[in-house]
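A short worksheet on the structure shown next.
Every read-out reported here was derived from the displayed coordinates using simple, explicitly stated rules and does not represent laboratory data. Predicted model, so just to flag it, every value in this text is computed and none were measured. We place every Cβ from the backbone using ideal geometry, glycine too, and count neighbours over all the protein chains shown.
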Amino acid sequence: MEPLDIFYRDGKWYLWAYCRKRGALRLFLNTHIFKTQLLNDQTYLRRPFVLEDGTDDPRDFRQRYWVDFSFKEKYFETISDQFENDKVVHLTDRVLILEKDLYNPNFASKYLQQYGKHVKIETLPKLKAQLSRN
């Protein structure tokens, strides 16, 4: 695992990292931290990704995995801070998140699963089917 960022949300610490085993970006829940140690910059070469989508991202526009999804307005109020940097469209019955880059189908599925029945995928029929099976 190659750590990229650590953040605190909903009373829990998360580590955003590149997983060498899976060859993809992953979000890890940190349940126990026993020891921290500051490493120098020579330890490993940091990948050029940052938590905010698009910044220093070496992928070409066509390589991105764009997903449009929505939430009911009432539910969105509780999670709106998670989408401050995204294209958000408020409709009468729901809130759309447009063109969110979720890297690949596997990451997208895992990312959207955290919202359970509250999220509705507006595009990508294969991803819709995969999420409905889980």
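Give me the one-decimal nm value for the distance between modelled label points at PHE7 and GLU73, 7 Å along each residue's Cα-to-Cβ direction.
2.6 nm
Which FRET efficiency, nearest 0.05, do LEU29 and ARG133 yield, Cβ-Cβ r, R0 35 Å?
For R0 = 35 Å, the calculated efficiency reads 0.95.
Please work out how much length the chain gains when fully extended from ASN85 to TYR65, using 0.36 nm per residue of separation minus the C-alpha to C-alpha distance, in nm with one decimal.
Values: separation 20, 0.36 × 20 = 7.20 nm, distance 1.67 nm.
Additional length available on full extension: 5.5 nm.
Equivalent ellipsoid semi-axes for the stretch 59-134, as square roots of 5 times the alpha carbon gyration tensor eigenvalues: give them largest first, rounded to whole Å.
Square roots of five times the eigenvalues give 20, 15, 11 Å.
Report relative contact order for the stretch 68-131 in percent, whole number only (criteria: Cα-Cα under 8 Å, sequence separation at least 6).
That works out to 40 percent.
Can you give me the Cα centroid spacing of the stretch 114-134 and the stretch 73-98 in angstrom?
Centre-to-centre (Cα) distance: 16 Å.
For THR92 and LEU15 in the same chain, what is the full-extension length gain: residue separation times 0.36 nm, less their Cα-Cα distance, in nm?
24.2 nm
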